Amino acid sequence: MVTSERKPYLLDFEKPLAELENRIEQIRELATENGVDVTDQIRQLESRALELRHEIFSNLSPAQKIQLARHPRRPSTLDYIQAISDEWMELHGDRNSSDDPALVGGVGSIAGRPVVMLGHQKGRDTKDNVARRFGMASPGGYRKAMRLMEHADRFGMPIITFIDTPGAWAGVEAEQLGQGEAIAYNLREMFRLDVPIICTVIGEGGSGGALGIGVGDRLLMFEHSVYTVASPEACASILWKDATKAPQAAEALKITATDLKNLGILDDLLTEPIGGAHSDPLKTATILKQALLHHLTELSQMTNSERRELRYQKFRRIGVFMELSA
């Protein structure tokens, strides 16, 4: 998991809080050096810092939530797998042409229950991100994912997917290898699988790249994650020919967990520690594990046909609207 000892990466809206916390630390150091008791003053400042933290993270705009969803220290798929699984063995290759590092998966167990876990994997720094293509999976990645899901279905193991990508890889080579077909195949085939499928948006869920492993019985989402048909930057460029209007697009797209919960798309909104998932990765992983076990228990009590029908009806309801006559 991500450690707290690394140099903090501050977002713009976090800077006032960081300045106050630095001030508290400076006062504490000066008091220690000069033998002065400032316990009451420190307590007041710490109380103010806690209030400020709640104020900031309880009133984030969609654009600010996108910044948190893309935070370089935000826990990744492999971080969560390491934290919530009893054991884990990564499996490689699509058995066709490649092994995509942008989409990882394998067999593991949670609370003693065998499962197949897979998801998008971003890097921690520029070099790692380039190697993992910033979490943008290739056709081989989606075919690897489908191979693992078919393995899970064959052996009766629930499937858990972690969504965290700005979108599928859009390079020329990806199109030559059949990117659209690979994603469409996954969309179709995930509907027929008999085993429980739980999908969780852990960061950025972008376009078809997210949907390629996003068909499931339940959709979970962390509160500072986003799920969108197109990035706000792309939307702003298309609608207004101006990428600087991305915040306006983010508001209109309804991409936050709260928005999707209100629209009936999201099944479970997972709270994050104050400060975001990266501020306390282990606590965040515990929240995720408890939610997964809860939904696995419920889904396991259904028959295969009941789960397939639930999955079908869930997606049939998305986008339904009522047109009122004038």
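Among R154, R308, what's the order by accessible area (1.4 angstrom probe), most exposed first?
R154, R308
Carbon-plus-sulfur fraction of the accessible area of segment 152-290, 1.4 Å probe, in percent?
Working: 3160 of 5520 Å².
Carbon and sulfur together cover 57 percent of it.
Given +1 on the Cβ of Lys and Arg, -1 on the Cβ of Asp and Glu, and no further charges, what dipole in debye does the chain carry about its Cα centre, rounded to the nearest 20? Intermediate results must be reported in sequence, preceding the final value.
Working: 38 positive and 45 negative charges, 160 e Å.
Charge dipole of the chain: 760 debye, to the nearest 20.
Suppose every K and R has +1 on its Cβ and every D and E has -1 on its Cβ; what is the size of the dipole of segment 149-241 about the Cα centre, in Debye to the nearest 20?
Values: 5 positive and 12 negative charges, 36 e Å.
It comes to approximately 180 debye.
Going by accessible area, probe 1.4 Å, with all protein chains left in place, what is the ranking of K241, K144, largest first? Mind dumping the intermediate values first?
On the way: K241 170, K144 0 Å².
Descending accessible area places them as K241, K144.
Check cross-link reach from K144 to the aspartates and glutamates: straight Cα distance under 16 Å, and skip same-chain residues fewer than eight apart.
Those aspartates and glutamates meeting the cut-off are E90, D94, D99, D100, D153, E181, E189.
Relative contact order, percent, of the chain when contacts are C-alpha pairs under 8 Å separated by at least 6 residues?
Working: 570 pairs, mean separation 51.1, N = 326.
With pairs under 8 Å counted, the relative contact order is 16 percent.
Compute the acute angle (0 to 90°) between the alpha-carbon long axis of helix 139-154 and the principal axis of greatest extent of the alpha-carbon atoms of the chain; round to the nearest 10°.
In the chain, helix 139-154 runs at an angle near 70 degrees to the longest axis.
How much mean residue ellipticity at 222 nm does the chain get from its helices, if each DSSP H run of length 4 or more adds -39500 (n - 2.57) and you divide by all residues, to the nearest 500 deg cm²/dmol? Could the numbers behind the result be given before it?
Numbers: 14 runs with 158 residues, N = 326.
Result for the chain: -15000 deg cm²/dmol, rounded to the nearest 500.
Compute the angle between helix 304-317 and the longest alpha-carbon principal axis of the chain, please, reported from 0 to 90 degrees and rounded to the nearest 10.
70
Along the charge dipole of segment 191-326, which of H278, L211, H224 sits closest to the positive end, that is, farthest toward it, with unit charges on the beta carbon of Lys, Arg, Asp and Glu (+1, +1, -1, -1)?
Positive-most Cα among the choices belongs to L211.
Mind giving me the nanometre distance, one decimal, between the label points for K283 and A111, set 7 Å out from Cα along Cα→Cβ?
So the label points at K283 and A111 sit 2.2 nm apart.
When the expected Rg is taken as 2.2 N^0.38 Å, what fraction or multiple of it is the alpha-carbon Rg of segment 29-93? Show your work: numbers first, answer last.
Details: Rg = 20.5 Å, N = 65, 2.2 N^0.38 = 10.7 Å.
The value comes to 1.91.
Using only the Cα atoms, what convex hull volume per residue in Å³ does the chain have? Please report the intermediate quantities before stating the final value.
Details: hull volume 57.2 nm³, N = 326.
Each residue corresponds to 175 Å³ of Cα convex hull volume.
Rank P247, S98, L269 by how far each Cα sits towards the positive end of the charge dipole of the chain (+1 on Lys, Arg Cβ; -1 on Asp, Glu Cβ) and give me just the farthest.
Among P247, S98, L269, the one farthest towards the positive end of the dipole of the chain is S98.
Determine the principal axes of the Cα atoms in segment 258-323, then give the extent along each, sorted from largest to smallest and rounded to whole angstroms.
Cα extents, longest axis first: 41, 35, 11 Å.
Contact order normalised by length for segment 189-326, with contacts defined as Cα pairs under 8 Å and 6 or more residues apart; what percent is it? Spell out each step's value before the answer.
Details: 176 pairs, mean separation 37.0, N = 138.
Result for segment 189-326 is 27 percent.
Could you calculate the FRET efficiency of N304 with L187 from 1/(1 + (r/R0)^6), where r is the beta carbon distance between them and R0 is 22 Å, rounded to 0.05?
On the way: r = 19 Å, r/R0 = 0.88.
Once the sixth-power term is evaluated, E becomes 0.70.
With an 8 Å Cα cut-off and a minimum separation of 6 or more residues, compute the relative contact order for segment 45-194 in percent. Mind showing how you got there, number by number?
Values: 218 pairs, mean separation 29.9, N = 150.
This gives 20 percent for segment 45-194.
Distance cut-off 22 Å, Cα to Cα: go down the list K65/K283; K122/K254; K127/K241; K122/K241 and report the pairs above it.
Details: K65/K283 19 Å; K122/K254 24 Å; K127/K241 31 Å; K122/K241 29 Å.
Going by Cα-Cα distance, K122/K254; K127/K241; K122/K241 fall outside the 22 Å limit.
Which angle between 0 and 90 degrees, to the nearest 10, do you get for helix 179-192 versus the longest principal axis of the chain when only C-alpha atoms count?
That helix lies at roughly 80 degrees to the long axis.
The values are calculated or read from the model by the stated rules, or taken from the named source; none is laboratory data. Computed from a prediction, not measured in an experiment: that's the story for all the values here. Here Cβ is always computed from backbone atoms with ideal geometry, including for glycine, and neighbour counts include all displayed protein chains. When the accessible area is computed, the model is the full protein with side chains, heavy atoms only, and any ligands, DNA or RNA have been set aside. Shrake-Rupley method; radii C 1.70, N 1.55, O 1.52, S 1.80 Å.
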